Amino acid sequence: METELRPEVIDLKRQIDGHRIEGAYGSFVPHSAVITILTEHRTEQLLIALKEDPQLSSEIRNHNLRVFLILCLVNQHVYIRRFLHEDFLSDSRLPFLKTDKGKWDHDCKRFFDKFYEAQWQFCARKLESKRLNRLNFYNHEILPITKRERLRKGVNSSTYRIEVEHEYNGLSSNTDTFVMKTCSATDEKQHVTEVAAYGLLLQQKDLADHIVQFYGSFIYRGQFNILLEHVDGGTLEHMYQYLRPPESGEEILNFWTSFTKIIRPLMRIHALKHPTSKTKLLQGIHQDIKPANILISRTNDPSEYHLKFKLADFAFTKFQTKPAAGQDLEDEDERGTQTYSAPEICRFDQFLKHSKGFVDPSVDIWSLGGVLSETLVWSVLGKAGLNSYRNDRIEATKNFAELEKGGYEECFHDGENVLGVVHRWHMRARERARNHDYILDGMIDYAESMLEIVSARPKAETIYRSFERSLKRAREQIFPNGTPQASREQLPGNRIPGVFQTRKTRPPPPEIPAGPPPDDIPAIDARTEPSPQTPLSYEDEKVVIRVQSPAIPKNRELGHRRRQGSSHILSDTAQAGPSSTRARGKEVTFRSTTESIRPQKPSESEYDQRDFAIETSNSREKFEDRPPHVSAAETLQWIAETKRAKTANSRPYYQIPSPAPLPGYEYFRRLRNRDQIFLFDDSKSMTDHWQDVISTFKAIGYIAKAADPDKMEAFFTNSHTTKRSKDREDFVQMLTSATPGGTCSMHSSISKILTTWWNENKWCFETEPEKKRRSLSSMFSTRNKKEGLNLYVFTNGVWQPKPEPLCGVDEVIKGIVDKMIASESLTERIGIQFISFGNNPTGIRRLKMLDSGLRQLGIEKDIVDTEPSSGNIWKMLLGSIDPWWDDDDPPDHEFFSLSDAD
């Protein structure tokens, strides 16, 4: 019979838990923490307490520190001498495998299984590029990855942003953030192809700035993984959405100088020097060039258009050997993204879809031509113009039923040739080009040559040379003396409206079809300050500005104007028609969106309290008669928009307006400094509602986490799993891993939580005589005084039926209310919010009784509220502590005779 752990070992275990790191793949204890805990003196003291020879301390610390620690945890420290005598039982041999059990002596074999399970938390392996060559990790190993966030889920793989614990980061000295691309064993072929492609391309040192850095590959728990550089600027698609088009001549030159370098990795892929032969070349085909596979990295240059564009995703890039002077080789068609695919590989019927096709490097040229086409349209007409261009291609392909049915509805061709709408948008870009844009004409010519039939498309090397010539000519035009002009065109914040005048050598631009106008025109006038007589009004999310004369803009006033009105920001309205301005002697009417205005970068203070920094409004004249209503779904959408804006605005070259505050945000202050505790009914009857539980918690938890003075807590009614954390995702992971089952004893669960909380915080509720009896030193110790408790109960009301009518929950509530009355505390100090799921009749009646009928049961204070999960998120947060939100109806008499047949 095993003895209990000694107090010294229990204390050691407590210290270990204090250094434990909760990782994405399990918790682990860093080796540095083990050394910190088991100092030489502490090891000696521990050996003495365990009645072992303290002179063993030095040898243990040199060779068997982790082994000794594990032996203590499994209560087998008496065998430390045997481990010291055998080299194969030292720390350097960890982790021990099942096959090692035969090497252990008879006595030690008895506890091998316990040792085997306990060792993994101390055996996280350092990630080093030189070792990550299809390295196969053990299934029990815990990767030293502390965070994992999915960036993209594709058909064949998923991509995650990960954080590696610094101590275990042998990949880079500059960052602990990386990208991990993961696929299953069924897609191993693409994994192997991509690893091989990175291995060949990164041998080309001059491609380091144009290809995503590759750190290695490994296999873990049946998944094939690639570790890559985390590129901090998002993708080209993100750039289209968040970066304003370049405007001054220097900005235009900087942007195209950066962007055109994307041809360099493609040129090498199509013709790569053979590593072992001087007479042969290697040829590859990317097969999936698109904006989402072109990543953007920041540079140290102050210009937001000095960027590094990096090609990524080589899952289809297989290299073949060919004679140096030979023809291009063909490879199997891997069927990349259809929007940017070439017409010759279009598979618009079932027979072609099931046929094996072949491609040559010209398909990459077409795809890059499509990307170049969209980029040049964006560079002149902005995000709105690009979106209209894409919509027009969708409309054009509707004329070809086989394209629409085959998934090619946004492509650049009709199945054989480039769409006419592509040429029309190129012409539109030419006509709207800025006076000082000396590059656009060339880019349009190159894009149209790349979108030709196969035989007419240029090689990658030809495109590279053409790009370089165009950039050289433009540089000479913009900087005739070889240096930037002393008087540059003014940047967006200080320029005049004339920047966007059409070229004098061209006819006036044709009228753009109905739809949102290009970003460039509204952006210029929307950033110009209206004169004192000019009304500035709002119409939902549109701003209407009438400009009568140029003036110095005030970006801050416009960039944050939506925070100046009613606290219900999302429903601000005004009656206003289109505005007009004079340009080139003509009146132009337009309506600009708030997205066309480049905002100031938010200050750090705007993100205090996790996006819930309270702002007061001087213009609010009266209190609303009705509380604002926001659903959980609307809250989740707002959260996503807020995070997207925060991510974009953290980059100097991505600036988008932050979304308006969540309607009702001003009530958040009522939650501050209150403990936020969640109780989840994980009985079997909740199985069908579990995904709804998770979604609802995501919305509530995002707000509640900013209110709790320390950390939120969560409990289940059945499972013993608990969680205490400031990170909402920790709770989401806990809920995702839970499996509802059994029946629910709600009264005991609530009682345990309330009793524990009251005992820990009752000093906050002392009466005045009690406070006077306490000394100042004890009253104002290290403890923070709490304003109260919000307990959120996620349930369907189907509980163990006795005692009736409310399964004993009313008795628990009465007990805590009596304590509150005795301590003379306010009603809102404690609130119990039931969030209901489903439509079980008994459950609904029971919850309504708790909400509205407790006074009829002799409970003098109302501290309970109920709200369905589809209801108002603010009522879920405040209904139990603020009567204004509580819309109680008197209960029916039948509630007092519930018959629970569930």
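Could you check the spin-label model distance between HIS85 and ARG298? Points 7 Å from the Cα along Cα→Cβ, value in nm.
6.0 nm
Roughly how many Å² of ARG221 are accessible to a 1.4 Å probe, to the nearest 10?
Accessible area, nearest 10 Å²: 110 Å².
Once label points are set 7 Å from the Cα along Cα→Cβ at both ILE821 and LEU50, what is their separation, rounded to one decimal in nm?
5.7 nm
Report the full-extension gain for the segment HIS41 to LEU202: residue separation times 0.36 nm, less the Cα-Cα distance, to one decimal in nm.
Answer, rounded to one decimal: 53.0 nm.
Given R₀ = 30 Å, FRET efficiency for GLU4-LYS684 by Cβ-Cβ distance, to 0.05?
0.25
At q = 0.10, 0.11 Å⁻¹, what base-10 log of I(q)/I(0) does the Debye formula yield for the range 237-478 when every alpha carbon is treated as an equal point scatterer in vacuo?
The calculated log intensity ratios at q = 0.10, 0.11 Å⁻¹ are -0.48, -0.58.
Hey, if we sort SER92, SER388, SER173 by accessible area with the 1.4 Å probe, largest down, what's the order?
On the way: SER92 90, SER388 20, SER173 115 Å².
These residues rank, largest area first, as SER173, SER92, SER388.
For SER748 and ASN136 in the same chain, what is the full-extension length gain: residue separation times 0.36 nm, less their Cα-Cα distance, in nm?
Length gained between SER748 and ASN136: 215.6 nm.
Using 7 Å Cα-to-Cβ label points, what is the LYS189/GLU237 separation (nm, one decimal)?
So the label points at LYS189 and GLU237 sit 2.5 nm apart.
Can you give the FRET efficiency for GLU149 and GLU461, using 1/(1 + (r/R0)^6), R0 = 56 Å, r = Cβ-Cβ distance, to the nearest 0.05? Please report the intermediate quantities before stating the final value.
On the way: r = 39 Å, r/R0 = 0.70.
With a Förster radius of 56 Å, E is 0.90.
What accessible surface, in Å², does a 1.4 Å probe find on VAL454, ignoring ligands, DNA and RNA and rounding to the nearest 10?
Accessible area of VAL454: about 60 Å².
Which three extents, in whole angstrom, do the alpha-carbon atoms of the range 43-129 cover along their principal axes, largest first?
The principal-axis extents, from largest down, are 39, 34, 21 Å.
Taking a quarter of the surface of the Cα convex hull of the range 136-229, what do you get in nm²?
For the range 136-229, the mean projected area of the Cα convex hull comes to 6.5 nm².
Taking the Cβ of ARG125 as the centre, find all other residues whose Cβ is under 12 Å away and add up their charges (Lys, Arg: +1; Asp, Glu: -1).
Within the 12 Å Cβ shell, the charges total -2.
Could you compute the FRET efficiency for GLU117 and ASN62, with r as their C-beta to C-beta distance and R0 at 41 Å, rounded to 0.05?
Once rounded, the FRET efficiency stands at 0.95.
Could you work out the local net charge near GLU141, counting Lys and Arg as +1, Asp and Glu as -1, over the other residues with Cβ closer than 10 Å to its Cβ? Present the calculation step by step, with values, prior to reporting the outcome.
On the way: positive: ARG125, ARG221; negative: none.
That works out to +2.
State the extension gain, in nm to one decimal, for the chain segment bounded by GLU634 and SER173, taking 0.36 nm per residue of separation less the distance between their alpha-carbons. Please report the intermediate quantities before stating the final value.
Values: separation 461, 0.36 × 461 = 165.96 nm, distance 4.13 nm.
Length gained between GLU634 and SER173: 161.8 nm.
Just flag the GluC sites (Glu not before Pro) in the range 805-855 sitting in loop per DSSP whose Cβ has no more than 16 other Cβ atoms within 10 Å.
When the GluC sites (Glu not before Pro) of the range 805-855 are filtered for loop state and at most 16 Cβ neighbours within 10 Å, GLU824 remain.
Please give the net charge around HIS166, taking every other residue with its beta carbon less than 12 angstrom from that of HIS166, where Lys and Arg add +1 and Asp and Glu add -1.
So the surrounding residues net to -3.
For the full complex of protein chains and a 1.4 angstrom probe, list SER631, SER373 by accessible area with the highest value first.
SER631, SER373
The values are calculated or read from the model by the stated rules, or taken from the named source; none is laboratory data. Because the structure is predicted, anything quoted here is derived from the model rather than measured. Cβ atoms come from the backbone with ideal geometry, glycine included; neighbour counts cover every protein chain shown. Ligands, DNA and RNA are stripped out before the accessible areas are found, and what is left, the full protein with its side chains, is counted by its heavy atoms. Shrake-Rupley method; radii C 1.70, N 1.55, O 1.52, S 1.80 Å.
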